[in-house]
Amino acid sequence: MSATSENLRRYDDGTPSVLRTPTHYQELYFYRKSDVLVQLTKVFCKRFLPKYGDRTVDQMVQSARSVKQNIAEGLTDGQTSFEVEIKLLGIAQGSNRELLEDYQDYLKEHGLPEWAASSDDAAKERFNKMRAFCKQYSDDKDYRPFYLRWTDEEICNIAICLCHMVDRAMTTFIQKRDKEFVTEGGIKERMTAARLDMRGTQKQIIARLEAENAQLKAELASLRRELDALRNH
């Protein structure tokens, strides 16, 4: 199945559009959580990493920004190109996994536990509470009151949890987009469908006008016959 006139967007006058329905990415679960990761990572780097001489700071901040920015750019460009959207979402997902690795490395280097992988009952309990919090809240305003109160261990584990949630949500979203591309095609298929739709519409208009013209001619001929009859009478 490829793009057809039935699944094309239309303007108010009925003209088909080759543009896909825009995605309001700001409302997406994984985009909102990626924004939290940007803000959280900036605070983490400022509080717990050296100000100078450590490239990790730039790498972590850039990775976090790359997730958020590529989601925004990919879903904006996706109005015209499935291919570009899927590519940029793939880059965002890769950056998210890099950020995850950085937080996990910090815990290892400082001898701190990753709660999700710990066999300690207290750590498991903290993990369950943290996961419930991260699942419920997706906006920076909900996390900001804790940015300066959480320890490095707490921030790392919160960030790791968010990275996993973003990764799972993006995997599902990319798979959905991939299936849509396979079944609907890209911009070229939509352009072809739109042109064929317009040609079909134009043919329908011409056929209707021709029918109306034939009807008017018949009515005119009938009136002339009636007029001639009146004159002869």
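Roll a 1.4 Å probe over the protein chains and send me the accessible area per residue for the range 26-125 in Å². Walk me through the intermediate numbers first.
Values: 5210 Å² over 100 residues.
It amounts to 52 Å² per residue over the range 26-125.
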**Asked** Once phi is turned into ³J(HN,Hα) by the Karplus curve 6.51 cos²θ - 1.76 cosθ + 1.60 with θ = phi - 60°, what whole-Hz value does each residue of the range 71-88 show in order, with x for glycine and proline?
**Response** 5, 4, 5, x, 6, 6, 5, x, 4, 10, 9, 4, 4, 5, 4, 4, 4, 5
**Prompt:** Got a sec to turn the phi values of the range 213-230 into Karplus ³J(HN,Hα) couplings, 6.51 cos²θ - 1.76 cosθ + 1.60 with θ = phi - 60°, whole Hz, x for Gly and Pro?
**Reply:** 5, 4, 5, 5, 4, 5, 5, 5, 4, 5, 5, 5, 4, 5, 5, 4, 5, 5
**Item:** Tensor-based shape of the range 32-168 (alpha-carbon gyration tensor, a/c under 1.5 rounded, otherwise prolate or oblate)
**Value:** prolate
**Under 17 Å from Lys124, Cα to Cα: aspartates and glutamates that are on another chain or at least 8 residues apart** = Glu114, Glu153, Glu154
**Request:** Excluding residues fewer than 8 places away in the same chain, name every one of the aspartates and glutamates whose C-alpha is closer than 15 Å to that of Lys68.
**Result:** Glu27, Asp35, Asp77, Glu85, Glu98, Asp139, Asp140, Asp167
**Item:** Distance in nm between pseudo-label sites at Ile91 and Thr76 (7 Å out along the Cβ direction from Cα)
**Value:** 1.3
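Which shape class applies to the range 92-131: rounded if a/c is under 1.5, otherwise prolate when a/b exceeds b/c and oblate if not, where a ≥ b ≥ c are the square roots of the Cα gyration tensor eigenvalues? Please list the in-between numbers first.
On the way: a/c = 3.61, a/b = 1.60, b/c = 2.26.
In terms of gyration-tensor shape, oblate.
What is the percent carbon and sulfur in the accessible area of the range 40-115, measuring with a 1.4 Å probe over the protein chains and ignoring ligands? Could the numbers behind the result be given before it?
Details: 1880 of 3920 Å².
Carbon and sulfur: 48 percent of the exposed surface of the range 40-115.
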**Request:** Express in Å², to the nearest 10, the accessible area of Asp228 obtained by rolling a 1.4 Å probe over the protein heavy atoms while all chains stay in place.
**Result:** 80
**Message:** For Lys51, give me every one of the lysines with a C-alpha distance below 22 angstrom, ignoring sequence neighbours fewer than eight places off in its own chain.
**Reply:** Lys42, Lys108
**Request:** Go through the range 58-69 residue by residue and turn each phi into a ³J(HN,Hα) via Karplus (6.51, -1.76, 1.60, θ = phi - 60°); whole Hz please, and just put x for glycine and proline.
**Result:** 4, 5, 5, 5, 5, 4, 4, 5, 4, 4, 5, 5
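The values are calculated or read from the model by the stated rules, or taken from the named source; none is laboratory data. Computed from a predicted structure; not experimentally measured. Counting neighbours? That spans all protein chains shown, and the Cβs are built from the backbone with ideal geometry, glycine included. Please note that ligands, DNA and RNA were not included when accessible areas were found on the heavy atoms of the full protein model with its side chains. Shrake-Rupley method; radii C 1.70, N 1.55, O 1.52, S 1.80 Å.
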